[in-house]
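Shown next, in structure tokens, is the structure this report addresses.
All of the numbers you see were taken from the coordinates with simple rules; none came from a lab. Model, not experiment: these values are computed from the prediction. Quick reminder, even Gly has a Cβ in these numbers, built from the backbone with ideal geometry, and neighbours come from all protein chains shown.
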Amino acid sequence: MRIPLIAGNWKMHNTAARTRELLGALLHELGDYSGPAEVAVCPPFTSLAAAAECLQNTSLVLGAQNMHYEEKGAYTGEISPLMLAELGCRYVILGHSERRQYFGEDDALVSRKVQAALRYGLVPILCVGELLEQRQARVTEAVIRIQLAGGLAGLTPQQVAGLVIAYEPVWAIGTGRTASPADAQQVNAYIRQVVAEFFGDAAAQAVRILYGGSVNAGNAAELLGQADVDGALVGGASLDAAGFAAIVRAAR
Ligand code: 13P
């Protein structure tokens, strides 16, 4: 059985002080929530230490939003997998469309990051998704296939089984325009099919595939009810404690 994962991608929001407030409120909202979903928050780098402190002795886990692929070195402004692991991160979001779009990340770079994350015991949340013009041109599956082939290159079936993949159609991110549950299901099922083709059925059945893009308390239950949607990667709605808690509770 795949354990659902609800992960909040805070993006470039929340100072350390605000992080303490928001996590205090979120823990209050979640009360004694004990599953079935696993809950992760991914604050900016500068708030990770504060978040780690707040989450001690709770069931919530910590993730980061990006990282470099080297352990250390002359890479001004970068953060290494070792640094994230030491802070207690379990997850790291890699290849988010905002990284691809604004910071020039390509599949080759994302692949190096995925492999580095695994070396340090971090679980990659590998993001894939098509642009609006690609969907309109009906090349969604081809785009996703290329991103998966690149991002997962060189991994073993066992490594892929432990990964998280997030389908995030770029046109649905921050737009309020969610993919329909049927569209999310269709692409998530396609991702599982490609994983089966590349790495075999066991890896495909084990890998968790999330949906992300304008998920909120109102649409979460239907999205999370789809057979191949194993959780959600939540942006804007994760900045509100009550809203995010409601999404967590929508996971069955
Ligand atoms: P929104 O939920 O704000 O659309 O963002 C989705 C996202 O990019 C999560 O990684």
*Ranked by Cβ crowding within 10 angstrom, fewest neighbours first, how are Glu86, Glu130, Glu168 ordered?*
Glu86, Glu130, Glu168
*asked:* From the mean inverse distance of alpha carbon pairs (Kirkwood) and the Cα radius of gyration, derive Rg over Rh for segment 148-252.
replied: 1.00
*Mind ranking 27-35, 50-58, 220-228, 187-195 by how tightly packed they are, going by the mean number of other C-beta atoms within 10 angstrom, highest first?*
187-195, 220-228, 50-58, 27-35
*Could I have the simple spin-label model distance between Gln205 and Glu78, label points 7 Å from Cα toward Cβ, reported in nm to one decimal?*
3.9 nm
_Per residue, how big is the convex hull of segment 61-204 when only Cα atoms are used? Give it in Å³._
121 Å³
*asked:* Placing unit charges on C-beta atoms (Lys and Arg positive, Asp and Glu negative, everything else neutral), compute the dipole magnitude of the chain about its Cα centre in debye, rounded to 20.
replied: 20 debye
*Per DSSP H run of at least 4 residues, take -39500 (n - 2.57); add these up for the chain, divide by its residues and hand me the 222 nm value, nearest 500 deg cm²/dmol.*
-12500 deg cm²/dmol
*Considering the options Val39, Ile144, Met12, tell which one lies farthest towards the positive end of the dipole of segment 1-154, charges being +1 on Lys and Arg and -1 on Asp and Glu at the Cβ, about the Cα centre.*
Ile144
*Between segment 208-252 and segment 140-164, what's the alpha-carbon centroid distance in Å?*
23 Å
*asked:* Is there a quick way to get the dipole size of segment 1-130? I mean about its Cα centre, with the Cβ of Lys and Arg at +1 and of Asp and Glu at -1; what is the value in debye to the nearest 20?
replied: 80 debye
*In a Gaussian network model over the chain where Cα atoms closer than 10 Å are linked, find which of Gly151, Gly162, Gly104 has the largest mean-square fluctuation.*
Gly104
*Using a cut-off of under 13 Å, list every residue of segment 21-65 whose amide N is near the label point 7 Å from the Cα of Arg90 along the Cα-to-beta-carbon line.*
34-42, 55-64
_Please report the net charge: other residues with Cβ closer than 14 Å to the Cβ of Asn9, K and R +1, D and E -1._
-1
*List every residue whose amide H lies under 5 Å from the amide H of Glu105, counting only residues 5 or more places away in sequence or on a different chain, with H placed 1.01 Å from N in the peptide plane.*
Arg100
*Radius ratio Rg over Rh of the chain, counting only Cα atoms, Kirkwood formula for Rh*: 0.94
*Please list 69-76, 105-112 highest first by mean number of surrounding beta-carbon atoms within 10 Å per residue.*
105-112, 69-76
*Take each uninterrupted DSSP H stretch in the chain, measure its Cα extent along the helix axis, and return the ones at 24 Å or beyond whose mean Kyte-Doolittle hydropathy is at least 0.0.*
181-199
*For Glu71 and Thr15, what does the FRET efficiency come to when R0 = 22 Å and r is the distance between their Cβ atoms, rounded to the nearest 0.05?*
0.20
*Which net charge results when you count Lys and Arg as +1 and Asp and Glu as -1 among the other residues whose beta-carbon is under 10 Å from that of Asp230?*
+2
*Given segment 26-118 reduced to its alpha-carbon atoms as identical point scatterers, what log10 I(q)/I(0) does the Debye formula return at q = 0.19, 0.23 Å⁻¹?*
-0.92, -1.18
